[in-house]
Amino acid sequence: MKVLVLFAFGVLGCSLAGARIVSKCELKQHLAVVFNSLPDNIKQSGLSGDRFLAKVVCHVEQLSGFNTSAVTQLGKQSQESSESGSASGEGGKSKPPNHKQRSPQKQGGISKKDDKDMTLYGLFQLPEGLVCSDNITLPNLCGISCNKLTDDAISDDISCVVKLLTDIVKNGFMTENSKKVWNVVKQLIDDKCKNLNQYFGEC
């Protein structure tokens, strides 16, 4: 099984290298390859089928716009930056198009209480500290630098998401940082997107 998953990630890395905006159908196709390679007991827990994939891809569309380099600041940092920008007027520096700032609200599985000075990275808007770190020597669940979540290759992004989902399925609340992981997973698979049965109609 590990060989199949690693092969799938290798194909993803090669086929999408150089892409910046990933299409809905393309992302569905590559996610399906990875999730279909998981063991049956994991897939039977709900990690399979077009409806499941539609939830995940819809999450990507809403929070990152399929932009592989999307970065979103939450909490104190975004408030201070927003106030600084307002004070500087038209003379202030404009934000890069892929860098968003949001006030403290529930975004990317991070609750208002947890999002102080939080930054979310990449397609899936995964939180720093929990799944990645700006300092690779610091421990995190996916064992990667946050920069890896904002490059053009999406294999490491998907690998990280698969790890979070399968850890919760296999270990439940025995998972390391289970509460925070569950918040991220819940955001990925919730039902806020409508008409999921028709979501991939163009594919």
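None of the figures in this text is laboratory data; all of them are computed from the coordinates on show. Here the structure is a predicted model, which means the values were calculated and not measured. Don't worry about glycine lacking a Cβ; one is built from the backbone with ideal geometry, like all the others, and counts go over all protein chains shown.
Specify the inter-centroid distance of segment 52-71 and segment 167-203, based on alpha-carbon positions, in whole Å. Using only Cα atoms to place each centre, the spacing works out to 12 Å. Estimated at 0.36 nm per residue, the fully extended path between Ser178 and Glu202 surpasses their Cα-Cα distance by 5.0 nm. Each of Gly49, Ala32, Val22 was scored by the projection of its Cα onto the charge dipole of segment 18-60, and the greatest displacement toward the positive side belongs to Val22; charges sit on the C-beta of Lys, Arg, Asp and Glu.
For the pair Leu138 and Cys25, label points projected 7 Å from Cα toward Cβ lie 4.1 nm apart.
Which length gain, in nm to one decimal place, applies between Asp152 and Ser45 when the Cα-Cα distance is subtracted from 0.36 nm times their residue separation? Extra length from Asp152 to Ser45 when fully extended: 35.5 nm.
Length gained on full extension, Asn171 to Gln62, computed as 0.36 nm times the residue gap minus the Cα-Cα distance: 36.4 nm.
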